[in-house]
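Worksheet: the structure to be examined is printed underneath.
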Amino acid sequence: MAERRVTVASKVGLHARPAMLFTQAVAASGAAVTIGRPGAPAFDASSILFVMGLGVRNGEDVVLAGDDEAVLDELAAMLARDLDAE
């Protein structure tokens, strides 16, 4: 399983709008992707409840994991941008 470690750039972290946009992108990809904090359990990245439940703030790292490298690259690039500014 491939992994990507990414620093969350959104000013509010993975809450509200950024979490919604991220989980929608995961679901639209059709790939099985998990998200978690480094060294902690990972959760289904298409679930807004799990993503928001992580409580990730701006500047914190998360680990994305899955089998589709291209999808992981796209999702990592998404989290590396300020999704509130778009």
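Assorted remarks:
- Spacing of the modelled spin labels on ASP44 and ALA27, each 7 Å from Cα toward Cβ, amounts to 1.1 nm.
- Whole-number accessible area per residue in Å² for the chain, which is evaluated in the context of all protein chains at 1.4 Å: 52
- Simple Cβ-charge dipole of the chain, Lys/Arg +1 and Asp/Glu -1, about Cα centre, in debye nearest 20: 340
- Phi to ³J(HN,Hα) by Karplus 6.51 cos²θ - 1.76 cosθ + 1.60 over the range 28-36, Hz, x for Gly, Pro: 5, 5, x, 8, 7, 10, 10, 9, x
- Choice from GLY53, GLY13, GLY66 showing the highest fluctuation, given a GNM over the chain with Cα pairs closer than 10 Å: GLY53
- Candidates ALA16, ALA28, ALA45: whichever shows maximal mean-square fluctuation once the chain is modelled as a Gaussian network with Cα springs under 10 Å: ALA28
- Per-residue [θ]222 nm for the chain (sum of -39500 (n - 2.57) over DSSP H runs n ≥ 4, rounded to 500): -10500 deg cm²/dmol
- Estimated vicinal HN-Hα couplings, Hz - the range 16-22 in sequence order (Karplus 6.51, -1.76, 1.60; Gly, Pro = x): 6, 4, x, 5, 5, 4, 5
- Using θ = phi - 60° and Karplus 6.51 cos²θ - 1.76 cosθ + 1.60, couplings along the range 51-56 (whole Hz; Gly, Pro as x): 5, 5, x, 5, x, 6
- Probe 1.4 Å, all protein chains present, accessible-area order of THR7, THR23, THR34, largest first: THR7, THR34, THR23
The values are calculated or read from the model by the stated rules, or taken from the named source; none is laboratory data. Here the structure is a predicted model, which means the values were calculated and not measured. Don't worry about glycine lacking a Cβ; one is built from the backbone with ideal geometry, like all the others, and counts go over all protein chains shown. What goes into the accessible areas is simple: the full protein's heavy atoms, side chains included, and nothing from ligands, DNA or RNA. Shrake-Rupley method; radii C 1.70, N 1.55, O 1.52, S 1.80 Å.
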